[in-house]
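Here the structure is laid out as structure tokens; the discussion comes afterwards.
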Amino acid sequence: MGEDKNNIVNKIPEEIKLYNTVYLQYKKYGEEAKEKFNKTLEKYTNLDELVTDGFDASLDIIKNYIDDAIDILKDMDINDITSEDFTQNYYQKYCTSVDIFNNLEYKYKKIKKIVSEEKSNKEKKELFEDKQTRTDIIDCVEASVVNIHEAILDCLQDKTNTSVYRITYDDKKEAQELLLRLKAQEKILNNKTKLDILGKILGSNPYIEETYFYLIDINHGDKDNQIEQYANYFGIDLGKKKVELINCDIEKYIQSDLKNINLNDKKAKIEQYYKNYFSTKYTEKNSYANKSYLDNLYKIYNKALQEDKKSDSLKELIKQCNEIYKQYNDERFLKIEKDSEGNILKSVTALSLEKQENKSQEINAKKDELCQAQGAKSEQEVKLEQEVKSKQELEIDEVEIKQELEIDEVEIKQELETDEVEINKEEKTKQQDTNKEKTQPSASEESALTRISDMDDMPEGKNTSGYIFKIIAIILMLLSGAKLLDTVIKILQDKLLIAKDLTIGFAVVIVTLALSLICNKIATKKIYPNGKEVSDKNMIIRLAVGILCTLAGIIINVGYYKAILYTIAIMIFIYIIRDSFLKRRNINKKSEGLN
């Protein structure tokens, strides 16, 4: 088989060719008979009809093919044979349909013996509709027709007194055992041993399809197409199996990543598959190999059309599709060609639009960057200006407050020093007068002493801490009055609708007022050690002054905080003037009383 592959069919012996010719002819007849009897079987409506008429119908079909057998024998120069003689002497032992219908009739008679008519009818229906029973009958008719070839060979051998080649039951059994051994030891046997086993199988029974599959696998294909030719000679359509194997391999190839592989390499890969399995047969127009080749080539090209959008690749695709269409007249490739041209136009348009869009995006991005830079710069400048301005304002306010406080402190110290000097002078004068007078004091002196004791509640001499507490009391009182006015205004303007804000506003008023009263009490004790009664009227006046000054500041647009500062300064100035004037007046009163 392997020595001259180009003439492998011609090397088959003539006796095998004779057997193969007759066998394949009646194998084809058997398929026809199977189809004919299947149609006849569909006409029967019940089991009674099938049992009564089925066997005769099958014999009528078989008889037609017996007549053909007589014609074949006459072509072999055997003329002294009739259909009846052929059937009785040679064919009857090969007709298996007799047995299947005898078995069916036996079951039928057994069912008829059932007493219950209902049960009998039910079992008849079940047997008639049984799929396996129908399949067995049809297969038996087919086998009866195929077996006519055995009767022909028997007749030929008998009439010519010569040995005729045939595949016996033992040959089929031997071939099957060899195939089972090959399957069991496939992994441990080398290719040479496998080929020897396959050769024996083909010698015993060349009609086993799996044998040729193994040959294709060992040879990694069928490059010279000899395996397929040999199989076809024995009626085995190996081309369909080869197409299935190729489709399986190509499907795996198509599903892999092919983006980085050019179109020529893809086409070459597909062609290599078909060369390995079909030699050049795949290029024969309208052959099953060619149809399979074009189907898989179309899958590759269509996938390339979907995935590759480059103009150069699409141009190459158009070129190749045009060549394939001209060679094989497959309109699918003409469609790919047109779609590719459309894709090129779309890609060019899309590319130009993309470039325009990219340019516009770049321009917009630059504009945005400039705007953001300018905006960030202006925002930073504004923030810096505001920070500098606020710092300057705070520094100015801080300096003004410090200056005012320093001035007030100097003035207070000067007043305290002046008061201390005057008091010292008074004490010296009083001491001198006391030393001069040796007698008891007169009525006028008692009156003077009484007036001096009445003036003990006047402010004492130098006491800085007392005046500081008094200043703090004034400031807190003014703040309390200002906050009270502010809270009332916000209530009138509906700005303090939340209970929490309203509570906080009045709490601040009460706390500042209470602190003012405490500081005023401490100041009074320090300035007037002997005690002094502070009028509630004075406290109300201070509160009212704070409110009026704040209101005046708001009206003249001076500002809330500046109005308070100005008020504090004015009040401190008034108290300093008042206390200085009161001290001088008290000193004069003391001097008059001593005199």
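The values are calculated or read from the model by the stated rules, or taken from the named source; none is laboratory data. On a predicted model such as this, the values are computed, not experimentally measured, just so you know. So basically every Cβ, Gly included, is an ideal-geometry build from the backbone, and we count neighbours across all protein chains shown. SASA here: full protein model, heavy atoms, side chains in, ligands and nucleic acids out. Shrake-Rupley method; radii C 1.70, N 1.55, O 1.52, S 1.80 Å.
Tabulated data for the structure shown
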quantity	calculated
Furthest towards positive pole of dipole, Tyr230, Ile250, Leu195, structure part segment 194-282, Cβ charges	Ile250
Surface accessible to a 1.4 Å probe, per residue, for the residues of segment 126-221, Å²	53
Spatially close lysines, pair count over segment 74-134: Cα under 17 Å, gap of eight or more or interchain	20
Candidate residues Leu41, Leu24: accessible-area rank, largest first, probe 1.4 Å	Leu24, Leu41
Around Ser390: net Lys/Arg minus Asp/Glu count, Cβ-Cβ under 13 Å	-3
Pairs beyond 19 Å (Cα-Cα), from Lys240/Lys281; Lys200/Lys223; Lys27/Lys291; Lys27/Lys200	Lys200/Lys223; Lys27/Lys291; Lys27/Lys200
